[in-house]
Amino acid sequence: MSVIVVELITLDGIVSDPDGSQGTPLGGWMFRYGGKAVGTEDRFRLGPALDEGVLLLGRVTWQLFARIWSGRQDPYAARMNAAAKLVASRTLTHADTSAWANSKVLDGDLVDAVGRERRDVLVLGSLGIADRLRTADLVDEYRLLTFPTVLGTGRRLFPASGRPADLELLDVAHVGPAVLTRYRRAAR
């Protein structure tokens with residue numbers, strides 16, 4: 001089992017509001033590169049982990065994705081819709097999650113639940129979840145789709161107050177207007 005954090009990110013490490021849905025002044029930065037910047041294919045190269053693992057999403061990200069993906073019909077959307085999904089939320093109920101197939105509210109403590117999981121856990125967006133798992137030293141890999149823009153302000157994936165981490169580069173690929181980098185936790 002691996003915990004993989006997947007993020008859209010700017011050159012200066014900002015991950016907040018890439019699509020503009022949160023209404024921040026600099027939000028929507030990924031769409032400066034066209035509507036297909038993330039699009040209808042596996043840009044993060046998740047492969048079998050998407051089909052056999054579980055997506056772990058916070059409430060806000062889950063609600064956004066449920067709205068976007070549940071009505072789409074392309075092959076990648078079919079994979080997203082078929083994937084198992086856990087939603088970390090104190091306000092959503094199991095009935096609420098019926099809006100997007102194969103979703104359920106995570107029961108109990110987030111860190112404990114991830115520690116018990118036997119499948120790969122894919123954290124898509126959901127910076128609060130990524131922060132908690134990184135703090136608990138549970139993140140095995142980062143897949144970052146880096147866009148060629150600098151915002152100067154916003155939430156960062158790796159905050160200045162965070163603890164240091166040594167990572168090992170696994171792969172770099174040109175993906176549309178961005179660069180996909182894969183890093184794993186360095187050997188200890």
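Each reported figure results from applying straightforward, stated rules to the coordinates on display, with no laboratory input. Everything quoted here is computed from the prediction, not taken from an experiment. Here the Cβ is made from the backbone with ideal geometry for all residues, glycine too, and neighbour counts use every protein chain on show.
Which of the following residues is among the acidic types (Asp, Glu) and in contact with a Leu (Cβ under 8 Å, 6 or more places away or on another chain): Asp17, Asp51, Asp74?
Just one listed residue meets the conditions, Asp17.
Taking the condition of being assigned to a helix (DSSP H, G or I) and either charged (D, E, K, R) or surrounded by 15 or more Cβ atoms within 10 Å (Cβ to Cβ) (or both), how many residues in the range 112-151 meet it?
Result for the range 112-151: 12.
Which one is nearest to Pro48 (Cα to Cα), of the residues in the range 77-97 that are surrounded by fewer than 17 Cβ atoms within 10 Å (Cβ to Cβ) and of a type in the set (Ser, Thr, Tyr)?
Filtering the range 77-97 for residues that are surrounded by fewer than 17 Cβ atoms within 10 Å (Cβ to Cβ) and of a type in the set (Ser, Thr, Tyr), the one nearest to Pro48 (Cα to Cα) comes out as Thr93.
Can you tell me which of Leu138, Leu167, Leu151, Leu180 is in contact (Cβ under 8 Å) with a residue 60 or more places away in the chain, out of contact with any helix residue (DSSP H, G or I) (no Cβ under 8 Å at 6 or more places or on another chain), of a type outside the set (Lys, Arg) and more than 18 Å from Trp62 (Cα to Cα)?
Result of the check over Leu138, Leu167, Leu151, Leu180: Leu180.
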